[in-house]
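One structure below.
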Amino acid sequence: MEVVDKEGRTLTFSVGPQHPGSGHFRIIVTVDGDFIVDVKPDPGYVHRGAEKMSEERTYIQNIPHLERPVIIDSCGILFPYVLAVEELLGIQAPPRAQYIRIIMAELNRIISHMYWLSIFGIFLGHSTMFMWPMGDRELFIDLAESIGGTRVTFSYFVPGGVRNDLPEGFKERALRTCNYFEKRLKEYNKIFFSNPMFLKRTQGVGVLSKEDAIKIGVTGPNLRASGVASDTRKDEPYSSYDTIKWDIPVRKEGDCHARGMVRFQELFDSMNIIRQALDLIPEGPVKVPMRGQVKGKVGEAFARTEAARGTMFYHIISDGATHPYRVKISVPSFRNLIAIPFLLKGSHIADMPPIYWGLDYWPVEADK
Amino acid sequence: METFEEFLKRVITIVFWILLLIPLIIIPVVLLVLVPLGVPVPTANRIFTAIIDPLVMLQFMDELGLGPSSLFFKIAAFPGFTFAAGVATLTILYERKLLAKMQNRVGPLYAGRFEGILQPIADLFKLISKEILTPEKADKPFFWAVPFLVMAVGGSFLALIPLSPEIYIAKSEIGLLIIFAIIGFFPLVVLIAGWASSNKFSFIGGLRALHQLISYEIPLLLSAIGVVLLSGSLDLMKIVDAQKSMWFIIPQFLGATIFYITMLAELERIPFDLPEADTELVAGWYTEYSGMHFGILQLANYVKLYGLAALFIILFLGGWNGPAFLPPFAWFLIKLFVVISAILLPRGTNTRVRIDQLIRLGWVYLIFLAFANLFIALAVASLGVI
């Protein structure tokens, strides 16, 4: 047994990279009794050089490998890339394609949040909350599969639109799934979100105040749980999101419970957006016809969208060739990583799983 | 997937082969061993009759001094270890099926062809076939001793628990006290396990278990004292006899609730499974145990579950008392099923509590309530209601 400091009070151990509660990511934790005194996150186990790889491939070839870092939210990470490339090409997706993109992005947000919810349940020891969302998630995966052709990695967004049109009878099936799932969410609320044990474990745990949240720079649901009404879909509307009405869920507490409730509310909101998009969707083509190799004009392009974990940002520089000159990806997980040591210091060992997973940190996305 | 008829056919074939192999191979081999040793050998005819007729078999065992009335049979087989292990195995299967039904799953399905009834046996074979790993830096004698110590602690207090007026192993006038003394060994064993594994997660898990078990043994003891006051005896037989008119759960409802909560903590079950919290401590003090070591620990845990459930029935649910149309032992089994279900259910609906919340609950609320319960018992006893 390795005891680190001279007084022999603290114990250092490594959580990860094969720990059941972490993914390919390691946190070196020093504890004094039941309290964590020092935390050193150690990311980088799944770095695959997505940015450098993008420089060697054409704009179209980039699509499948750029969604690999976060396959459970593959449309979320691809959306800003497609928008930036369209800006370089000087084209815009047709209206029907824009609404299909909204539907697909929101389906992916639900799939990602359901995955998060089930792991959050099992991290707190609630095995029923692990099984239920994992089972119901399949319904949405089936819906997305009927559009994109595969279970998770769709490669569905392409510069100039989407790959194919919605299948026949999609609207009815989507509405039926949403109606069923809303009933299920009420059951989730009964067994998990209003369970006094759950409240006791998460309320007041890992509090991130509004000032700290802005200073550290967390994004997405974590920022909204700390009382900042920030959502890229509202702040800088893209792809016809400005025609859709919904309220940004905001909680003031900034603790694990607030982060859970914001994501729970976003499940309802995403279904609401899908319903509106299905009503608003016009007829027409889904793709701008293009011929030959895609070549960006010389220049730079930026795009920012709201992925499931927060703001996803792409900066693409083109020198006029068929390959991008430089692709810079700014992922939300990497910014949420900064909050992990900040929140873990001084907390109980048992609060480590809810704080860590409450931030929805996805190691592969952060390592790119 | 086989149909049920095909399954029956397979079973009949297997039974046929077993019946054929016993007289052809097993009996000659046994005789070849027994005759040179000078053991009085019964005739082959009698052995064959014993195989197909249980009554002859019992007679046969009686002659060898291993009959149902002998102490060996009682400890090893019927109210003792084999029965407890059987109940524990069934509990594991029942828990998996019950949880699966709660979570929209099917649970074990294929082993045994019918709702996975042979899954525990399949698990047993899997565990036996796995290698038992010992960490290099572990304190090996203690590390190897722990599974058997846990089993000894979990199994030994079963000897004092009567299952009906006739079915018991040992009688003692201070049975309840001895049971609590045996349960008190458990924190020590867990601490040894945590220390001997030489693993940081095991160590933290062992310390957590120590804190938890010590803070919960006091309310457990105090909630049972109310029953002792009402019945005026520490003898479990007399406690059951005192409940002929009214079960003690009615005047002692608070005590029964405290006993139930502390029982969950004592068994390290969700919501009190902190010593083996799998998301923060890998598997707590079980971490380094593999293969059949882990199997024995798991079995010991469920044997302990059965023992505490039986104790709950005797203290609060009137033991084997019940309307006369069923024998006492049947009433005991029915109550056992109900209590075990109640112990298993929280696993599907609750999150894990934190160690500081758990210790506050134990040392502040439960002890206070246990004392309040003691005064209720005193009031009931002095008013002479029972």
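Every number in this text was worked out from the coordinates using simple rules, so none of it is lab data. Here the structure is a predicted model, which is why all the values come from computation and not from measurement. Here the Cβ is made from the backbone with ideal geometry for all residues, glycine too, and neighbour counts use every protein chain on show.
Which of the aspartates and glutamates could a cross-linker span from A:K252 if the Cα-Cα distance has to be under 18 Å and same-chain partners fewer than 8 positions apart are dropped?
A:E211, A:D212, A:D231, A:E266
If I build a Gaussian network model for chain A, linking alpha-carbon pairs within less than 10 angstrom, which residue out of A:V327, A:V70, A:V298 has the largest mean-square fluctuation?
A:V298
Take every Cα pair under 8 Å in the range A:232-368 that's 6+ residues apart, average their separations, divide by the length, and report that relative contact order as a whole percent. Intermediate values should be presented prior to the final figure.
Working: 135 pairs, mean separation 24.6, N = 137.
Relative contact order, the range A:232-368: 18 percent.
Once you've got the GNM for chain B with C-alpha springs shorter than 10 Å, pick whichever of B:G205, B:G226, B:G295 has the biggest mean-square fluctuation.
Checking each option, the largest mean-square fluctuation is seen for B:G295.
Have a look at chain B and give its Rg and Dmax from the Cα atoms, expressed in angstrom.
Gyration radius and largest Cα-Cα distance of chain B: 23.5, 71 Å.
For chain B, set up a Gaussian network in which alpha carbons nearer than 10 Å are linked by springs, and say which option among B:T134, B:T351, B:T49 fluctuates the most.
The residue that fluctuates most here is B:T49.
Within 10 Å of each Cβ in peptide B:351-360, how many partner chain Cβ atoms are there on average? Round it to a whole number, please. Could the numbers behind the result be given before it?
On the way: counts 18, 8, 6, 9, 5, 4, 5, 1, 1, 0.
Average neighbour count from other chains, rounded to a whole number: 6.
Quick one: which of A:K40/A:K210; A:K183/A:K368; A:K40/B:K137; B:K74/B:K126; A:K183/A:K234 span more than 32 angstrom between C-alpha atoms? Working shown, then result.
Values: A:K40/A:K210 24 Å; A:K183/A:K368 37 Å; A:K40/B:K137 27 Å; B:K74/B:K126 30 Å; A:K183/A:K234 28 Å.
Pairs exceeding 32 Å: A:K183/A:K368.
Shielding by partners for A:343-352, please: the mean number of other protein chain Cβ atoms within 10 Å of each residue's Cβ.
That works out to 3 on average.
Could you sort B:22-30, A:212-220 so that the peptide with the highest average Cβ count within 10 Å comes first and the rest follow in order?
Numbers: B:22-30: 12.0, A:212-220: 19.1.
So the peptides B:22-30, A:212-220, ranked by packing, come out A:212-220, B:22-30.
Would you mind ranking B:I174, A:I349 by Cβ crowding within 10 Å, fewest neighbours first?
Working: B:I174 13, A:I349 23.
The most exposed by this proxy come first: B:I174, A:I349.
What is the log10 of I(q)/I(0) for the protein assembly as shown, computed with the Debye formula using one identical point scatterer on each Cα and no solvent, at q = 0.11 Å⁻¹?
After summing over all Cα pairs, the log10 values are -1.21.
Dividing the convex hull volume of the alpha carbon atoms of the range B:98-228 by its residue count, what do you get in Å³ per residue?
Details: hull volume 26.0 nm³, N = 131.
Hull volume over Cα atoms, normalised by residue count, gives 198 Å³.
Would you mind ranking A:M352, A:M312, A:M261, A:M290 by Cβ crowding within 10 Å, fewest neighbours first?
Details: A:M352 25, A:M312 28, A:M261 19, A:M290 14.
Listed from fewest to most nearby Cβ atoms, that is A:M290, A:M261, A:M352, A:M312.
So if R0 is 30 Å, what FRET efficiency would B:A122 and A:D42 give, r being the distance between their Cβ atoms, rounded to the nearest 0.05?
According to the calculation, E is roughly 0.15.
Which value at 222 nm does the protein assembly as shown reach when only helices count, each DSSP H run of 4 or more adding -39,500 (n - 2.57), with the total divided by all residues and rounded to the nearest 500 deg cm²/dmol?
Working: 33 runs with 415 residues, N = 754.
Roughly -17500 deg cm²/dmol at 222 nm, from the helical runs in the protein assembly as shown.
Taking neighbour Cβ counts within 10 Å as the exposure measure, how do A:D42, A:D351 sort from fewest upward? Mind showing how you got there, number by number?
Details: A:D42 13, A:D351 23.
With the sparsest Cβ surroundings first, the list reads A:D42, A:D351.
May I ask you to list the GluC sites (Glu not before Pro) in the range A:122-220 that are in a DSSP loop and have at most 10 other Cβ atoms within 10 Å of their Cβ?
Values: sites: A:E138, A:E145, A:E168, A:E172, A:E182, A:E187, A:E211; in loops: A:E168.
In loop regions of the range A:122-220 (DSSP not H, G, I, E or B), the sparsely surrounded GluC sites (Glu not before Pro) are A:E168.
Pop out the Kirkwood hydrodynamic radius of the range B:241-351 from its pairwise C-alpha distances, inverse of mean 1/r, in Å to one decimal.
Details: mean 1/r = 0.0642 Å⁻¹.
So the Kirkwood estimate lands at 15.6 Å.
In angstroms, what radius of gyration and Dmax does the range B:81-120 have, counting Cα atoms only?
10.7, 35
How crowded by other chains is A:115-128, given as the mean number of beta carbons from other chains within 10 Å of each beta carbon? Don't skip to the end; give the middle numbers.
Working: counts 0, 0, 0, 0, 1, 0, 1, 3, 6, 7, 14, 8, 9, 8.
Mean shielding by partner chains, rounded to a whole number: 4.
Could you work out the percent of alpha carbon pairs in the range A:48-330 separated by over 37 Å, rounded to a whole number?
On the way: 5743 of 39903 pairs.
Within the range A:48-330, distances greater than 37 Å cover 14 percent of Cα pairs.
Do you know the relative contact order of chain B, to the nearest whole percent, from alpha carbon pairs under 8 angstrom that are 6+ apart? Show your work: numbers first, answer last.
Working: 498 pairs, mean separation 75.1, N = 386.
Contact order relative to length: 19 percent.
Which GluC sites (Glu not before Pro) in the range A:25-82 sit in a loop by DSSP (not H, G, I, E or B) and have at most 16 other Cβ atoms within 10 Å of their own Cβ?
Values: sites: A:E51, A:E55, A:E56, A:E67; in loops: A:E56, A:E67.
Counting only loop positions with at most 16 other Cβ atoms within 10 Å, the GluC sites (Glu not before Pro) in the range A:25-82 are A:E56.
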